[in-house]
Amino acid sequence: MIRLLTEPFSAPYMQRALVEAVMLGVLGGIVGVHVILRRLEFMADALTHTVFPGMAAAFVVGGSLYVGALVTGAISAVLLTMLTRNRRVTSDAALAVLLTGFFSLGVILISRSHSYTADLTVLLFGRVLAIDLTEIAVTAATGIFTLIVIWMLHKELVLRSFDPIAAEALGYRVVTLDLVLNVIITLVVVASVKAVGSVLVIALLITPAAIARLIVARSVAKMMAIAALFGAAGGWLGLVVSYEGSVHHGLRLASGATIVLTLTTLFFVSLLVVVVTRFLRSKNSQPALTDSDFVLSGDAFPVGP
Amino acid sequence: MSRTPALELQHVAVAYDRLIVLEGVTGTVAPGESVALIGPNGSGKSTLLKAILGLVPLQAGTLSVLGQTPQRARRSVAYVPQQDTLDPEFPVTVQQVVLMGRYRRIGWIRRPRQADRDAATAALAQVGLADQANARFGTLSGGQRQRVLIARAIAQESRLLLLDEPFNGVDSATQVLLLQVLADLRASGVAIVMSTHDLSVAHIACGDACVLNRRQVAFGPVDDVLTAEHLREAYGPNALAIVSSNPGQTDV
């Protein structure tokens, strides 16, 4: 078992992929907790599409994908924050307009290159196995910066998510806190996009935090720890599965997509475990103590965690 | 106790996008006093609370909070939202919610210290929920959540307390407890402004009342202000039927 988990990482390119995937898992997990608590899933999804034209432009002119993604990502984060201040533009409408507009711009830009389909695939689905040391360094730097900001503003960001009016009443500038969070989400999207691509990046940001949401009830900090753990585990296991499938079974499993599928599987397994344990607990205790959070119909079968 | 009024309003008018939503509010609230804001949904009660917090600009008039501008007085003003506007699934304990009242005191970056934890514990004890400190906020009943939010205001050591419909969705046993907590706060010199639909609560909890319907209908001692005539002016011809049957809804 141990051998299965470590053997794939004897080659340097696999080691680099592992470091990148684990870092992104931890980073996406922690930042994702704020995304989920603020119910910004759709906004994060839109951001993954708005970084696309920047990457496409950088790709066509041979510049840095990070810089390209960062530029359009930052523009869209600011546009979003501003647009939703207008009371006649709902945030969902603003997101939909920006998402589709930016994405189309990206498609038009990339369609001007010769190897249109291949280039599009790289940008949409990423290439975690082709990550080099510079990219790892960029991810590490982004990660450290992001985590420091998240750590410093922890109590303010949590207060803003939980009770925005009280935050304003206490004198906090909610717009500023929102802008900071939007920029942080953009940074994480940009850092992840080369490895897993702009379509799958949302999974790194949402799925580990969604798993943590299932497990943790009373602490945002604990949620972050659990999300980071699952994010890292998803990265590691995903690479193992993709290596095993591709090298030993001839299945050619795309590594970025396999990481995402691993996280999805972890989510459903966690959901099953949580639902079943709650069901068993409510069955063993008095009816008055039944947890009303979950209504379970039909028979549940016992599954150990 | 200082002689500066906790709240002083002079011909206050508030507008959203140039549309006046409330005007002609004039009155004074002394430390230890309590005023009930009475009026139908959309009458401007929540708007007035927001103006006192300095969250909406004044179109006309002057408003001073503890002798200062609303923005400068914020740290000494506590706002208690309706408990049912908060997400019950949010992963936060009762203790953590109460600690939020200390955040400005604690400052940026720093974490709560022992003194802050002690203040939170004392505030929870004051509202009778010391044993619930580690429960998730959302697992408490509506009335208990309301008390937690008041404990947060106590932990803030505010001198002016603003409550938005504090008796909404609260059973009568909790209502008695809440009234006692508010009376204790007043006795310690805290001024209270609360919006409410419940006239009997206004009579019990407040010395003064302010009847609103997009403008000030009346402001003064409850017995003088809560008359059939004023209520008809605020709620229309069927005022008494509406006021006695309407348990209160949100109009933020």
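The values are calculated or read from the model by the stated rules, or taken from the named source; none is laboratory data. It should be emphasised that the depicted structure is a prediction, and the values quoted were computed from it without experimental measurement. Note: ideal-geometry Cβ built from the backbone for every residue, glycine included; neighbour counts use all protein chains shown.
Which of the residues spanning the stretch A:189-220 are in a helix (DSSP H, G or I), within 14 Å of chain B (Cβ to nearest Cβ) and over 11 Å from the mean Cα position of the chain (by Cα)? Across the stretch A:189-220, the qualifying residues are A:ILE211, A:ALA212, A:ARG213, A:LEU214, A:ILE215, A:VAL220.
Could we say that A:ASP299 is farther than 22 Å from A:VAL19 by Cα, at pLDDT below 90 and within 14 Å of another protein chain (Cβ to nearest Cβ) here? Against the criterion (farther than 22 Å from A:VAL19 by Cα, at pLDDT below 90 and within 14 Å of another protein chain (Cβ to nearest Cβ)), A:ASP299 does not qualify. Among the residues in the stretch B:104-111, are any at the interface with chain A (Cβ under 8 Å from one of its Cβ atoms), touching a strand residue (DSSP E or B) at 6+ places or on another chain (Cβ under 8 Å) and surrounded by 14 or more Cβ atoms within 10 Å (Cβ to Cβ)? No; the residues of the stretch B:104-111 include none that is at the interface with chain A (Cβ under 8 Å from one of its Cβ atoms), touching a strand residue (DSSP E or B) at 6+ places or on another chain (Cβ under 8 Å) and surrounded by 14 or more Cβ atoms within 10 Å (Cβ to Cβ). Counting only residues that are over 15 Å from the mean Cα position of the chain (by Cα), within 13 Å of another protein chain (Cβ to nearest Cβ) and hydrophobic (A, V, I, L, M, F, W, C), the stretch B:130-152 holds 4 of them. Of the strands (runs of 3 or more DSSP E) lying entirely inside the stretch B:149-252, the ones with 1 or more residues being at pLDDT 90 or above and closer than 30 Å to B:ASP118 by Cβ are found at B:160-164, B:191-195.
Yes/no matrix, rows are residues, columns are (1) buried (at least 19 other Cβ atoms within 10 Å of the Cβ); (2) touching a Leu at 6+ places or on another chain (Cβ under 7 Å); (3) over 18 Å from A:MET43 (Cβ atoms):
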| site | (1), (2), (3) |
| --- | --- |
| A:THR134 | no, no, yes |
| A:ILE148 | no, no, yes |
| A:HIS154 | no, no, yes |
| A:ASP163 | yes, yes, yes |
| A:GLY171 | no, no, yes |
| A:VAL174 | no, no, no |
| A:LEU187 | yes, no, no |
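Residue pairs whose Cβ atoms lie under 8 Å apart, sitting 6 or more positions apart in sequence or on different chains, and linking a residue in the stretch B:168-197 that is closer than 18 Å to B:ILE38 by Cβ to a partner that is of a type in the set (Asp, Glu) and assigned to a helix (DSSP H, G or I), are B:ASN168/B:ASP84.
Select from the stretch B:112-129 the residues that are farther than 21 Å from B:SER188 by Cα and either in contact (Cβ under 8 Å) with a residue 60 or more places away in the chain or more than 9 Å from chain A (Cβ to nearest Cβ) (or both) and write down the one among them that is nearest to the chain's Cα centre (by Cα). So the residue we want is B:ARG117. Picking from residues in the stretch A:114-132 that are out of contact with any Leu (no Cβ under 9 Å at 6 or more places or on another chain) and of a type in the set (A, V, I, L, M), the one that is farthest from the other protein chains (Cβ to nearest Cβ) is A:ALA118. Checking each residue in the stretch A:148-188 for being over 20 Å from B:ARG74 (Cβ atoms) and away from chain B (no Cβ under 14 Å) picks out A:LEU179, A:LEU181, A:ASN182, A:VAL183, A:ILE184, A:ILE185, A:THR186, A:LEU187, A:VAL188. Scanning the stretch A:37-95 for residues that are farther than 13 Å from A:GLY106 by Cα, touching a residue at least 24 places away in the same chain (Cβ under 8 Å) and in a loop (DSSP other than H, G, I, E, B) yields a count of 3. Residues in the stretch B:82-99 that are more than 17 Å from the chain's Cα centre (by Cα) and either at the interface with chain A (Cβ under 7 Å from one of its Cβ atoms) or modelled with pLDDT under 90 (or both): 7 in all. Among the residues of the stretch A:241-257, are any farther than 18 Å from A:GLY126 by Cα, of a type in the set (Gly, Ala, Ser) and out of contact with any helix residue (DSSP H, G or I) (no Cβ under 9 Å at 6 or more places or on another chain)? Within the stretch A:241-257, one or more residues are farther than 18 Å from A:GLY126 by Cα, of a type in the set (Gly, Ala, Ser) and out of contact with any helix residue (DSSP H, G or I) (no Cβ under 9 Å at 6 or more places or on another chain). Suppose we filter the stretch B:17-49 for residues that are farther than 29 Å from B:GLY189 by Cα and free of Cβ contacts under 8 Å to residues at least 40 places away in the same chain; how many remain? Selection size over the stretch B:17-49: 3.
Take the conditions (1) modelled with pLDDT of 90 or more; (2) more than 13 Å from chain A (Cβ to nearest Cβ); B:TYR79 misses just one of them, which is (2). Scanning the stretch B:22-55 for residues being within 14 Å of another protein chain (Cβ to nearest Cβ) and of a type in the set (Val, Ile, Thr) gives a total of 2. Taken as a whole, the stretch B:111-122 holds at least one residue that is outside any helix (DSSP H, G or I), of a type in the set (Lys, Arg) and more than 22 Å from B:GLY207 (Cα to Cα).
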